[in-house]
Amino acid sequence: MYKDLIIYEVFPGCFSERVEGKLIDITERLPYLAQLGVNALWITPIFKSPQKDSGYDVSNYYEVDPLHGNEEILVKLIEKAHKLGIKILLDFVPNHTSNLHEWFIRSEEGDPRYKDFYIWRKPRDGGEPNNWISKKNTGSVWEYSEKRSEYYLHLYSKEQPDLNWENEEVRSEIYRAMEKWLDMGVDGFRLDVINKIAKTNLDRDTEDATIYYQNMPETFKYIEEMRDNLSQKYEREIILMGQAEGSDLELGKKYQRSLDLVLEFSTNHMGRGKEYRSFQTEFFQIMKRFLEWQRDREYWPTIFWGSHDLPRVASRYDFDGDPGNTAKVFGVFTLVSRGTPIIYNGDEQGTLNCNFDTIEEYTDVRSQNIYRLRTESEDRDRVFSDIKRWARDNARQPIDLKRNLEVLDFYRRCIEIRREYQKVIEDGGLTYEITEDLITYRIVNGSEYIEVTFNNSDKVIKRDAHRILLRSKAGMKNEIQSHEVIVEGNL
């Protein structure tokens, strides 16, 4: 079922500028998505939250935040989506909650039932339990609580304490919350940072704490338990898509034993170093990594170039200073590839980075933390330049759904081609050939194939063409223009 999905991710603030009830506007725009040709909608967190991290700090898993609406509005959205043939996936955050969640408040107070809902440790030698530094909040993963005279673990901000997945009651509460929304008609979930739910060796110091909290053996057991729990309660198929940043291909295969889809960011993070530091990476190297994940027949990848955590793809690469063509190129790479594609809202019309003038306009907590830390020892202009390029704010601004209808039509045609060649893409094998100038990959199923060629150079290249299905620029049949992509096939 998941192999024929074309998923559209919507960050509610991009689709709606309402102060309350953003789901209303998303519901009204469902026909737009149906006309585009997508059949699944992933909505970033809509649960009750103080919004310190755009809803990824949940204070109640059982309530819709007024910012987005209420249960009645959500039910109407689900019903209308289903009538249009669109499945609904909710973003669910199982690793941590808000520090304003009742569970944390009662845990901090020492309530016997909630005492171990979070990861608490006593001070070590009068200080923090270990020396772990978070790669996300650019500081310690520990925060001291005067109430408990203990530290709690937070891999993200101090307002996002990590849940203790070793506690069976925590897992049961998470599963119950998921069931509530499934009973309402939701088709599945995107599971935020699911590969970090298990932690180990909390008494050990290390320069790289991810070795103790990322892709731990217990994580796979917990996900399998989650899947088994849902399978026992529901006869219908439930889609589970898990974020597993930092996984390699073998780990991806392991996750896919219980997850339908795995979100892995290594391709999208090439060119980005620690704390948003930029460095040069050749595009053909990025594409090699991208295609390697598709070549293994035992793994079904998730294909995406944009998300709420990434800058706009048309700004990130900007071939020939032509963002419209750049958007088209990545439309092909997303939709004519071996894997389940995800379109991030606005990318189908070539939306660009926000390009704010001052650091104050970048409100995302990660941008602010990185700027504060790096400017203590680095040039402010250099740091700000990196923030402008990589900030998550770039993907979280309101979008214009009539911005570039030419790019939109191109995306629609990409989706039509994918539907026509669905069996080839699902059942076929992928091969590729990459030089510094030309990138070509072909998916072959028996005598049928679909092929993508991209000119990665600044010059026109002569080539033999067969049956051209789509191209991002106008040109002669036996030529491919600078930074043009061409799709060919033989159905």
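The values are calculated or read from the model by the stated rules, or taken from the named source; none is laboratory data. Quick caveat, the model's predicted, so the values are computed rather than measured. Glycine also receives a Cβ, built like all others from the backbone with ideal geometry; neighbour counts cover every protein chain displayed.
Residues that are in contact (Cβ under 8 Å) with a residue 60 or more places away in the chain, surrounded by fewer than 18 Cβ atoms within 10 Å (Cβ to Cβ) and in contact with a strand residue (DSSP E or B) (Cβ under 9 Å, 6 or more places away or on another chain) within segment 433-472 comprise just one, I434. Can you say whether D116 is crowded, with 21+ Cβ neighbours inside 10 Å and assigned to a loop (DSSP other than H, G, I, E, B), as far as the supplied structure shows? Against the criterion (crowded, with 21+ Cβ neighbours inside 10 Å and assigned to a loop (DSSP other than H, G, I, E, B)), D116 does not qualify. In contact (Cβ under 8 Å) with a residue 12 or more places away in the chain and more than 23 Å from N478 (Cβ to Cβ), is that true of L430? Considered against the rule, which asks whether it is in contact (Cβ under 8 Å) with a residue 12 or more places away in the chain and more than 23 Å from N478 (Cβ to Cβ), L430 comes out as yes. Within the set G110, G127, G139, the sole residue that is touching a helix residue (DSSP H, G or I) at 6+ places or on another chain (Cβ under 8 Å) and of a type in the set (G, A, S) turns out to be G139.
Just one of the listed residues (F290, F265, F319) is touching a helix residue (DSSP H, G or I) at 6+ places or on another chain (Cβ under 9 Å), within 19 Å of L251 (Cβ to Cβ) and in the same structural domain as F220 (by TED's automatic domain parsing), namely F290. Only one of the numbered conditions (1) over 27 Å from W165 (Cβ atoms); (2) in contact (Cβ under 8 Å) with a residue 24 or more places away in the chain is not met by N60, and that is (1). If the condition is being touching a strand residue (DSSP E or B) at 6+ places or on another chain (Cβ under 9 Å) and either crowded, with 22+ Cβ neighbours inside 10 Å or over 17 Å from K180 (Cβ atoms) (or both), then segment 68-77 contributes H68, L74, L77. Scanning segment 279-325 for residues that are part of a helix (DSSP H, G or I), closer than 19 Å to I434 by Cα and of a type in the set (D, E, K, R) yields K288, R289, E292, R295. Considering only segment 86-97, I want to know if a residue exists there that is surrounded by 16 or more Cβ atoms within 10 Å (Cβ to Cβ), farther than 21 Å from E17 by Cα and over 20 Å from the mean Cα position of the chain (by Cα). No, that holds for no residue. Does T363 qualify as being in a loop (DSSP other than H, G, I, E, B) and either surrounded by fewer than 20 Cβ atoms within 10 Å (Cβ to Cβ) or of a type in the set (A, V, I, L, M, F, W, C) (or both)? So T363 passes the test.
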